[in-house]
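The values are calculated or read from the model by the stated rules, or taken from the named source; none is laboratory data. From a predicted model like this one, the values you see are computed outputs, not experimental measurements. For neighbour counting, all protein chains shown are included, and Cβ atoms are generated from backbone atoms with ideal geometry for every residue, glycine included.
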Amino acid sequence: MSSKPERPDVQTRKVLMVMVGFLVLMAAVAFGFTLIFQNRIGMRFVPQHAFPAPSVIADEREVRFADEARQRKILAGGNGHMPIGEAMQAIAARGSAAFDPVP
């Protein structure tokens, strides 16, 4: 630690005013928290909420098979969609311009 005296151009009044302002600001924040969180003051515990039990589908395998069949139908051109093979051929036929904007 230096034993040199404090520089004479440091104004003690300004330093003290900054400290007092900071303390007033901290007190205002603490008081603001008491206004905002009134229902939390003095609370020693938070009630625990149980997670819901995981849902188990009894016929999960059949549901998966049904989803896969629906997806296969769509990929094969069902419901008015273009079959995936035909769509891939159309894209490949355009070559390097396959993903260019449509004019």
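Take I74 and tell me if it is among the β-branched types (V, I, T) and loosely packed, with under 10 Cβ neighbours inside 10 Å. Taking the combined requirement at face value, the residue does not satisfy it.
Among the residues of the range 71-89, is there at least one that is modelled with pLDDT under 90 and within 33 Å of the chain's Cα centre (by Cα)? Looking through the range 71-89, none of the residues is modelled with pLDDT under 90 and within 33 Å of the chain's Cα centre (by Cα). Checking each residue in the range 32-52 for being exposed (fewer than 10 other Cβ atoms within 10 Å of the Cβ) and at pLDDT 85 or above picks out L35, I36, Q48, H49, A50, F51, P52.
A30 - would you say it is among the aliphatic types (A, V, I, L, M) and assigned to a helix (DSSP H, G or I)? So A30 fits the description; yes. Flag not set for A50, criterion: among the small types (G, A, S) and assigned to a helix (DSSP H, G or I). So, in the range 57-70, exactly how many residues are within 32 Å of the chain's Cα centre (by Cα), more than 20 Å from P83 (Cα to Cα) and among the charged types (D, E, K, R)? The total comes to 2. Just one of the listed residues (I41, I36) is farther than 30 Å from I84 by Cβ and touching a helix residue (DSSP H, G or I) at 6+ places or on another chain (Cβ under 8 Å), and it is I41.
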